[in-house]
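These notes are about the structure you will find just below.
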Amino acid sequence: MSALAENAVSHGARTDLLLASEEGQRLYSSLGRHHEADVLIAREPVVPSTW
């Protein structure tokens with residue numbers, strides 16, 4: 001992860017966005033990341049196709 005971040009910074013990145021499950025949040029927290037906000041991803045219901 002640090003190599004990815006270093007590469008992004010070397011190309012001008014100043015911020016990033018990381019979405020993670022609750023388990024992932026614990027991992028990323030242990031790596032020095034902090035929680036900024038909760039995210040809700042919504043989409044329309046999937047309609048089964050009728051063949």
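The values are calculated or read from the model by the stated rules, or taken from the named source; none is laboratory data. Bear in mind that the values here come from a model prediction, so they are computed numbers and not experimental data. Counting neighbours? That spans all protein chains shown, and the Cβs are built from the backbone with ideal geometry, glycine included. Accessible surface is based on the protein model in full, side chains and every heavy atom, while ligands, DNA and RNA are left aside. Shrake-Rupley method; radii C 1.70, N 1.55, O 1.52, S 1.80 Å.
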Local net charge near LEU18, Cβ-Cβ under 14 Å (Lys/Arg +1, Asp/Glu -1): -3
What is the magnitude of the charge dipole of the chain about its Cα centre, with +1 placed on the Cβ of each Lys and Arg, -1 on the Cβ of each Asp and Glu, and no other charges, expressed in debye to the nearest 20? 80
Taking the full set of protein chains and a 1.4 angstrom probe, give the accessible area of HIS35 in square angstrom, rounded to the nearest 10. 110
Got a number for carbon plus sulfur as a percent of the chain's accessible area, 1.4 Å probe? 56
Computed from these coordinates, which is Kirkwood radius over Cα pairs in Å: (1) 12.8; (2) 11.4; (3) 14.0? (3)
Rounded to the nearest 10 Å², the accessible area of SER30 at probe 1.4 Å: 90
Accessible surface, per residue, of the chain when the full set of protein chains is kept, probe 1.4 Å, Å²: 105
Sparse-neighbourhood loop hits (trypsin sites (Lys or Arg not before Pro), the chain; DSSP loop; Cβ within 10 Å at most 11 others) -> ARG14, ARG43
Mind ranking LEU4, LEU18 by accessible surface for me, highest first, 1.4 Å probe? LEU4, LEU18
What figure, in Å² to the nearest 10, do you get for the accessible area of VAL39 with a 1.4 Å probe and non-protein molecules left out? 90
For LEU17, LEU31, what's the largest-to-smallest order of accessible area, 1.4 Å probe? LEU17, LEU31
Length gain on complete extension for the stretch HIS11 to ILE41, per 0.36 nm per residue less the alpha carbon to alpha carbon distance? 7.9 nm
